[in-house]
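Here's the structure we're looking at; comments come further down.
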Amino acid sequence: MKSLTTKTKLYVLLGNPLGHTVSPPMHNLAFEKLSMDSCYFPVEVSTDNLGAVFKGLSKMNVGGLNVTIPHKIKIMEFLNELDPVAATIGAVNTIRIENGKSKGFNTDGEGFIQSLEEESGISVKGKRFFIIGCGGAARAISMTLAFKGAEKIYLCNRTAEKAERLAAEINNKIRPCAEVVINDQTHQKKDLDGCDVLVNCTSIGMHPNISTMPIDESLLRKELIVADIVYNPRETKLLQVAKAKGCPIVPGIGMLVYQGVEAFKLWTGLQPPVKEMREKVQQLIHTT
Ligand code: NAP
């Protein structure tokens, strides 16, 4: 264990619960590889205590924070400034503290895009996306895709009203590029056929329900890039079936790593060791 001093720069993860988080070992490895006198640690905090804990941390030698479930929206009340992408998404997962002032960012969507572009070799600009699921992660991903110039974003969700609300927000606040897809196979096929990338943003397929899929396998054609943000198991049933059909696949572990990489860059201005961070996360996520 590294020895800490009053000079050690602190980085903190706020959430509740935080039992299985991989962020502390991932960031601490990056600090160690770059020989930085910095330390990242998790703090479980209740919603009632969030403001007091954040204000206290802001007065300490803290350079930045990550924020996770259930505090990504509530934390915005306590910040001095918001990045425009985070403000539009309406959720913050990364905070930078400089000269006593806090600024909130959202690196979830950017983390997904970095992972997709690196692993599939495409650029999102001008591409057509089909997103299943309209929860918090889908919101960050679809809005960031709209900011980054995706040509079309189809949104399909079990609860149709959530897809309608998200599409309206994207079209009104960013660009008119989002459209709702009715959640049945006929409508899904019609719109998916014209898409470049399918993204599973539901929790379907996540451990322990590993034999479930968010879409019928007959809809997958080999030209379609299939991304799944679920990272446990590392290769979901959706990805296994897509791979067997010849589709390029993008597992969720890359988003997990790159949301951290983007946060690290915002805090330090430095490029962290991505390969080592990925290996560390892979070691920590046991199920395959
Ligand atoms: P969330 O806000 O709770 O949203 C869950 C979404 O999944 C909703 O659209 C929900 O539909 C849908 N869903 C859940 N069960 C379903 C079912 N049985 N049938 C159809 N739809 C279903 O969760 P989230 O934060 O967006 O996270 C979603 C998944 O992404 C989780 O597995 C999470 O672990 C993963 N994730 C990964 C990363 C990463 O870095 N790779 C980051 C964030 C999240 P309704 O709206 O109809 O309820």
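The values are calculated or read from the model by the stated rules, or taken from the named source; none is laboratory data. Being a predicted model, the structure only gives us computed values, none of them experimental. Cβ atoms come from the backbone with ideal geometry, glycine included; neighbour counts cover every protein chain shown. These accessible areas exclude ligands, DNA and RNA; they are computed on the full protein's heavy atoms, side chains included. Shrake-Rupley method; radii C 1.70, N 1.55, O 1.52, S 1.80 Å.
In a fully extended conformation the segment linking ILE210 and ARG158 would gain 16.8 nm over its present Cα-Cα distance, using 0.36 nm per residue.
Within the chain, antiparallel bridges make up roughly 20 percent of the DSSP beta bridges whose residues both belong there.
Per-residue ellipticity at 222 nm computed for the chain from its helices equals -11500 deg cm²/dmol, with DSSP H segments shorter than 4 residues left out and the rest contributing -39,500 (n - 2.57).
In order along segment 40-51, phi translates into HN-Hα couplings of 10, 9, x, 10, 7, 9, 7, 4, 4, 9, 4, x Hz, rounded to whole numbers, per the Karplus curve 6.51 cos²θ - 1.76 cosθ + 1.60 with θ = phi - 60° and x for Gly and Pro. Paramagnetic label reach from ASN61 (point 7 Å along Cα→Cβ; backbone nitrogen cut-off under 19 Å): within segment 1-29, residues 1-13, 28-29. Relative to the dominant Cα principal axis of the chain, helix 253-268 is inclined by about 40°.
Between segment 114-128 and segment 197-218, the alpha-carbon centres lie 21 Å apart.
Distance between the C-alpha centres of segment 162-189 and segment 1-60: 37 Å, rounded to the whole angstrom. In the elastic network of the chain, a GNM with C-alpha springs shorter than 10 Å, the most mobile of SER218, SER120, SER38 is SER218. Compute the acute angle (0 to 90°) between the alpha-carbon long axis of helix 108-120 and the principal axis of greatest extent of the alpha-carbon atoms of the chain; round to the nearest 10°. The helix 108-120 is inclined about 60 degrees to the chain.
With each label modelled as a point 7 angstrom along the Cα→C-beta vector, the GLN185-LEU4 pair spans 5.5 nm.
If you wrap the Cα atoms of segment 10-103 in a convex hull and average its projected area over all directions, you get 6.0 nm².
Please label the shape of segment 109-251 as rounded, prolate or oblate, based on the square roots a ≥ b ≥ c of the eigenvalues of the alpha-carbon gyration tensor (a/c under 1.5 means rounded; beyond that, a/b larger than b/c means prolate, else oblate). The shape class here is rounded. Once C-alpha pairs closer than 8 Å and six or more residues apart are averaged by separation and normalised to the residue number of the chain, the relative contact order reads 16 percent.
For the listed residue pairs LYS152/LYS245; LYS72/LYS245; LYS101/LYS148; LYS7/LYS72, the alpha carbons are over 31 angstrom apart in LYS72/LYS245. Heavy-atom surface analysis with a 1.4 Å probe gives segment 109-251 a carbon and sulfur content of 49 percent of its accessible area.
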